[in-house]
Every structure is written in C-alpha cells, then in structure tokens.
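For reference, the structure discussed in these notes is given below.
Each value in this text was obtained by applying a stated rule to the coordinates, not by laboratory testing. Please read these numbers as outputs of a predicted model, since none were measured by experiment. For neighbour counting, all protein chains shown are included, and Cβ atoms are generated from backbone atoms with ideal geometry for every residue, glycine included.
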Amino acid sequence: MDRKTLEKAISRIISEQPVTDLHTHCYAPAFGDSSDGTGKGLLLWGIDELVTYHYLVAEVYRVVPPNELPYEKFWAMSKQQQADHVWYHLFVRNTPISEACRGVLTTLTKLGLDPNEKTLEPYRKWFAQQNASDYIDQVMQIANVDSITMTNTVFDDHERDIWLNNQAAGSDPRFKAVLRIDPLLRDWPKAVAVMGKLGYQVSESLNQQTIAETKRFLGDWIERMKAVYVAMSLPPPPEFIYPNPADPTADAFIEKCLLPVLAERDLPWAMMIGSRLRVNPALKDAGDMLGDADVMSVVNLCANFPRNRFMVTMLSRQNQHEFCVAARKFANLLPFGCWWFLNNPSLIDEITRMRVELLGTSFAPQHSDARILDQLIYKWDHSRKLITNVLVDKYADVIEAGFKLTGEHIMRDARLLLRDNYRNFCKAGYV
Ligand code: HDL
Ligand code: ZN
C-alpha cells in the first residue's frame, strides 16, 4: 500500500469511527441550558459561551491587561459584552492563531458559518434559531460522537439539587454520568459538612462510623447517577501523593472508603493529576495552573490495589514518559487524553507517538474536556487529524518491517482507540 493510499485509508477510517467522549463538562438539557434565560443552566452552548471559554479569557487578558480593563469590570459585563470584547481583541485586532482561537474558527466553519465576521451579530442570529436538544444531535453528528460523558459535581449545591429534584436528570441516552468528588481529597472539612447536611453521620475524624457513612454516600450517588466512573482532579505534590504520611485522613479515605466501594461496584477511579488551582484567582476558571505529578503515587495505587482500575491523565508534559512506562507495568492503569494545557497539536502529537511506541493501541488517546457543547466539533476534528498523522507514520513503519496491514486492522485499532478501550475499562457503564 503506497503512503498516499495509506493516508487516505487511515484518515477516512478515523473520521468515520464514532468516538465515545470519556470526559466533558457538557450536560443534558434536563440540567438547564445557557439559552433558557435563568442564567443557571449547566449546558453551555452558542457563540457567546464559545467565545468566553475560560481559555480565551486568559488569552484576552494577555492583550488587554488588567490595568486597562480591571478584572472586576470584565466580570461585571454581560456575557455578550464579554464575548464582544474577546472577539474584537483576539479575532479582529489580533490574529486568532492560538489553539483555543483556532477551535472557534473550526467550529463556525463546520457549522457552515463564515468565521471572518467583524462582529458576533451574524452568529447570534444563527444560534437564536437553534434549540438546545436538536443542537446536541447536530453537534454530535458533526463531531461523530456517539456518547458524551458528563462531569457531575455532587458537591455543587445547584447541580446536586437538580439530581435530587428532577427525575429526568440522568435519563438522556446521549449522556453518561460521572461522580466527581474533588472535595473528598481537596477539602475534607467541606465534604464532611455537605455529607452531614445530606443526613450522613460523618465527622472529620475518619472513625468506623464516618467510614461506613462515607461509603454509603458514595454508593448512593453512584446509584443515583448510574455513574460510569468516579473522578477527581488532584493537585501536584506535596498536596497529593500516595501514601501521604502527612495526611493520614486522605490515605484512609482512599484505602477504606473510595477503593473498596469502587472494587465492589467494579468501577474505575479517574485521577486527573497536576492541577494547581487559582494561581490567579481574579481570572476564576481561567486562573488555574499546572504542576508535575508524582507518578510513583499512581504506581503505588496500581500495585497495592490490583482489584481496582485507575484511569489516569496527567497535566504536565514532564510526566508523560514516566507515566507511559508505569502503564507498561500495570494492566489496571489506563492512560487517557491530552488534558487541558496538553490539548495542543504539538503536544498531542508528541504524547500520542510516545504512547503508541510504548503501549501499542492499549490506551485512550483523547477526551475533549469540552465545557461548551459546540467545542465537541473542533476538539474532535483537530484530534482525529493528529491521531491520523501518528498512525500513518506508525503503520508505515510496520509495513516496512514486513507486516501486511489491512483496512480491518486499521478499523479494529480505530475502534479501540476512540471507543472500546475506554468502554471496556468502565465495563458496567457500557454493557
Ligand atoms: O478539572 C477538570 O476537569 C479540568 O478539565 C477543568 O475543568 C479545567 O478548567 C478545564 O476546563 N480544562 O479543559
Ligand atoms: Zn475537565
């Protein structure tokens, strides 16, 4: 097979393979949406949300610094005014060449719109004619996504109330739920207070009763959400290491509460490690930073808890090689995605190449991390192209080594990489 034929075959197969998006911040319409006028809808979509994505807020503050536009003034603007500010400064006054800007261009183009408008009005007119649920179908079809995995933050009062009061919350077949529980390791006192408010007999000391009641809390919410996995975003050391002699409560929570509940229910723990939150609090969600994770902490967990499964992504480029080698040692470790600040072409290419060379096809190369529904379109368009480029080179290498590659091989690998490695690792959630 000559290289041109190979490239065309791989590109077609990768674009035709539906992807199961294993980590997003998108929500089903039952959670309310940004067009419903309440200002509390959790499903964000449309041009004003797309253009005020927190990545773009960070970037617009690089060209219009806070001494020109104080943060509080920006946050006091309406969503439309914020979007107009971002559009002018990042897409008109400057070239929209960053990955987050390029993403908006790709999304608009694939929706059949011209991304060269000088104002957002033409886009607002188009989006005003869409409705949330139909638009979800349209976006999933363009992005070729067969299932969207949510991030359901049980410690967020507004979202928790929706789960407790709205039967429809978990019923949209296009979405799967994930129990997201960061405070249980990042802010134990807050987690105890919330569980106590919900009627669980817990205290800050992790005694037998607190262990039992915390396990009941986890079980109840896994059940209520039909969670396909349980997730946490975790800080770099010294805050998160395992074991952590400086924080016996954290170790006890992991060993006596979380991992036993997950093993009983045969669900993975998704650990997203390296997020250093709010280094610039005035930027809100745009104010987070990264730090190197401690890979040996993941090794210790995989080795000490062979009945548990760990889906892991690390935020620092520095961790990626050691992390890949760790995955070679433990079948209960599934590396996934090029997360957040790694979700850029140069790094996706480097990391995916490294993973294929060390892990073959036994990993999940990407998730979208989409916060705004429309982003599914660009995040998957860009990543499919990058995964294709890596596979073209790697398949060409094995053909040169004498392997007789066929279309069936490529289709099998595409299905594993974009869908089944993740679904098979979750098991129960995708039977
Ligand atoms: O904690 C997470 O899941 C991260 O993905 C954060 O939501 C982050 O702010 C983000 O949106 N990354 O893309
Ligand atoms: Zn995320």
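Relative contact order, percent, of the chain when contacts are C-alpha pairs under 8 Å separated by at least 6 residues? Write out the running numbers ahead of the final one.
On the way: 660 pairs, mean separation 90.2, N = 431.
Reported as a whole number, the value is 21 percent.
222 nm [θ] for the chain, helices only, -39500 (n - 2.57) per DSSP H run of 4+, per residue, to 500?
Roughly -14000 deg cm²/dmol at 222 nm, from the helical runs in the chain.
List, in order, the whole-Hz ³J(HN,Hα) value for each residue of region 67-80 obtained from phi through the Karplus relation with A = 6.51, B = -1.76, C = 1.60 and θ = phi - 60°; use x for Gly and Pro.
Going residue by residue, I get 6, 8, 10, x, 3, 5, 5, 4, 5, 7, 5, 6, 4, 5 Hz, with x marking Gly and Pro.
What number comes out for the charge environment of Y123, summing +1 per Lys or Arg and -1 per Asp or Glu over other residues with Cβ under 11 Å away?
Result for the local shell: -3.
Quick one: compute a quarter of the convex hull surface over the Cα atoms of region 49-91 and quote it in nm².
Convex hull of Cα atoms, orientation-averaged projection: 2.6 nm².
On a straight-distance basis, which aspartates and glutamates could pair with K118 in a cross-link, Cα separation under 19 angstrom, same-chain partners fewer than 8 positions away excluded?
Within the straight-line limit of under 19 Å, K118 reaches these aspartates and glutamates: D48, E49, E59, D84.
Run the Debye formula on the Cα coordinates of region 208-257, all scatterers equal and no solvent, and tell me log10 I(q)/I(0) at q = 0.17 1/Å.
So the normalised log intensities work out to -0.64.
Seen from all sides and averaged, what is the projected area of the convex hull of the Cα atoms in region 11-124, in nm²?
Mean orientational projected area (region 11-124, Cα hull): 8.9 nm².
Which percent, nearest 5, of DSSP beta bridges in the chain are antiparallel?
5
Going from the alpha-carbon gyration tensor of region 79-153, what semi-axes, largest first and in whole Å, does one get by taking the root of 5 times each eigenvalue?
Ellipsoid semi-axes (Å, largest first): 24, 15, 14.
Considering the convex hull of the alpha carbon atoms of region 214-371, report its projected area averaged over all viewing directions, in nm², one decimal.
9.9
With bins 5 Å wide starting at 0, give me the P(r) of region 304-383 over every alpha carbon pair, in whole percents.
Once binned at 5 Å, the Cα pair distances of region 304-383 give 3, 15, 27, 24, 16, 10, 5, 1, 0.
Going Cα to Cα from K427, which lysines come in below 24 Å? Please leave out same-chain ones fewer than 8 positions away.
Reachable lysines: K176, K215, K226, K256, K329.
log₁₀ I(q)/I(0) of region 78-228 at q = 0.09, 0.16, 0.20, 0.21 Å⁻¹, via Debye over equal Cα point scatterers, no solvent, to two decimals?
Listed by q, the Debye log ratios stand at -0.49, -0.96, -1.17, -1.23.
So how long is each side of region 282-343 along the principal axes, counting just the alpha-carbon atoms, biggest first, in Å?
42, 20, 17
Within 10 Å, count the other beta carbons around each residue, average over each peptide in 297-304, 238-245, 312-319, and list them highest first. Provide the component values of the computation, followed by the final result.
Working: 297-304: 18.0, 238-245: 16.0, 312-319: 22.2.
Packing order, densest peptide first, comes out as 312-319, 297-304, 238-245.
Stokes-Einstein diffusion coefficient for region 164-286 at 20 °C in a medium of 1.002 mPa s, Rh from the Kirkwood formula over Cα pairs: what value in µm²/s?
Translational D for this selection: 137 µm²/s.
Ranking M225, M271, M1 by Cβ neighbours within 10 Å, fewest first, what do you get?
Going from least to most buried by this count: M1, M225, M271.
I want the local charge near L258. Using Cβ-Cβ distances under 15 Å, sum +1 for each Lys or Arg and -1 for each Asp or Glu among the other residues.
Value of the local net charge: 0.
Just to be sure I follow: if Rg is taken over the C-alpha atoms of the chain and Rh is the Kirkwood radius over the same atoms, what is Rg/Rh?
0.96
With just the Cα atoms of region 265-308, tell me how far they stretch along each of the three principal axes, in Å, largest first.
Computed over the Cα atoms, the extents are 42, 24, 8 Å.
For region 294-431, just say rounded, prolate or oblate: build the C-alpha gyration tensor, square-root its eigenvalues into a ≥ b ≥ c, call rounded for a/c under 1.5, and beyond that prolate if a/b exceeds b/c, oblate if not.
On the way: a/c = 1.41, a/b = 1.19, b/c = 1.18.
Verdict is rounded for region 294-431.
Under 13 Å from the 7 Å Cα→Cβ point of K226, by amide nitrogen: which residues of region 392-431?
Only 428-431 fall inside the zone, counting backbone N under 13 Å.
Counting only Cα, what are the radius of gyration and maximum Cα-Cα distance Dmax of region 233-305, in Å?
In order Rg, Dmax, the Cα atoms of region 233-305 give 13.9, 42 Å.
For every other residue with a beta carbon closer than 9 angstrom to the beta carbon of D288, add +1 if it is Lys or Arg and -1 if Asp or Glu, then tell me the sum.
+1
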